[in-house]
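The values are calculated or read from the model by the stated rules, or taken from the named source; none is laboratory data. Treat the numbers as computed from the prediction; the structure is a model and nothing was measured. No Cβ is skipped: glycine too gets one built from the backbone with ideal geometry, and neighbour counts run over all protein chains shown. Surface accessibility is based on the protein's heavy atoms, side chains included, excluding ligands, DNA and RNA. Shrake-Rupley method; radii C 1.70, N 1.55, O 1.52, S 1.80 Å.
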Amino acid sequence: MPQEKNLNPTDVAIGAAIRRRREVLNITQAQLADAAGVTFQQIQKYERGSNRVAAARLMQIADKLRCHPADLLGVPADAPGDALADLGRTHDGVALARCFVAMTPEDRQALMIIARALAAKPKPTPTQLRPVA
């Protein structure tokens, strides 16, 4: 696939927000495309940021994704402090969010205790990392 050139960071952020929300709701690109009146290939281009989403189309997409259009306007990926966006960009982030939502409040509390403890552990430096034998 040829490398995308001159992608606008805002278009990329909006596309990433659309993809994250779509994946959380388990909506396929084809389903979203049908609701927005475009092809699934067009949804792929929106999600990559290679095509700009018009305001009217963004409203149709937001309606299918059951959110406000402003929720999809995104924050550029390099913006600090957007933990939810960072989670959505990780390999297991969306799966973790789904599991968390499915848990009982008691299980969520237990998981949060474990997560906070793991997050507080010192991170190894590259010289401390050793291959497992």
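When the stretch 23-35 is limited to residues that are closer than 26 Å to Lys5 by Cα and either more than 18 Å from the chain's Cα centre (by Cα) or of a type in the set (A, V, I, L, M, F, W, C) (or both), the one that is most open to solvent (accessible area, probe 1.4 Å) turns out to be Ala30. Against the conditions (1) of a type in the set (Gly, Ala, Ser); (2) touching a residue at least 60 places away in the same chain (Cβ under 8 Å); (3) open to solvent by 40 Å² or more (accessible area, probe 1.4 Å), Ala13 satisfies every one except (3). Of all residues in the stretch 6-42, those that are hydrophobic (A, V, I, L, M, F, W, C) and in contact with a Gly (Cβ under 9 Å, 6 or more places away or on another chain) total 8. Counting only helices (runs of 4 or more DSSP H) wholly contained in the stretch 26-133, the ones carrying 2 or more residues that are touching a Phe, Trp or Tyr at 6+ places or on another chain (Cβ under 7 Å), modelled with pLDDT of 85 or more and within 26 Å of Asn8 (Cα to Cα) occupy 29-36.
Pull out all pairs, ordered by first then second residue, where Cβ-Cβ is under 9 Å, the residues are six or more apart or on different chains, the first lies in the stretch 52-73 and is touching a residue at least 40 places away in the same chain (Cβ under 8 Å), and the second is small (Gly, Ala, Ser) and surrounded by fewer than 18 Cβ atoms within 10 Å (Cβ to Cβ). Here the result reads Ile61/Ala35; Leu65/Ala35, each pair linking the stretch 52-73 to a residue that is small (Gly, Ala, Ser) and surrounded by fewer than 18 Cβ atoms within 10 Å (Cβ to Cβ).
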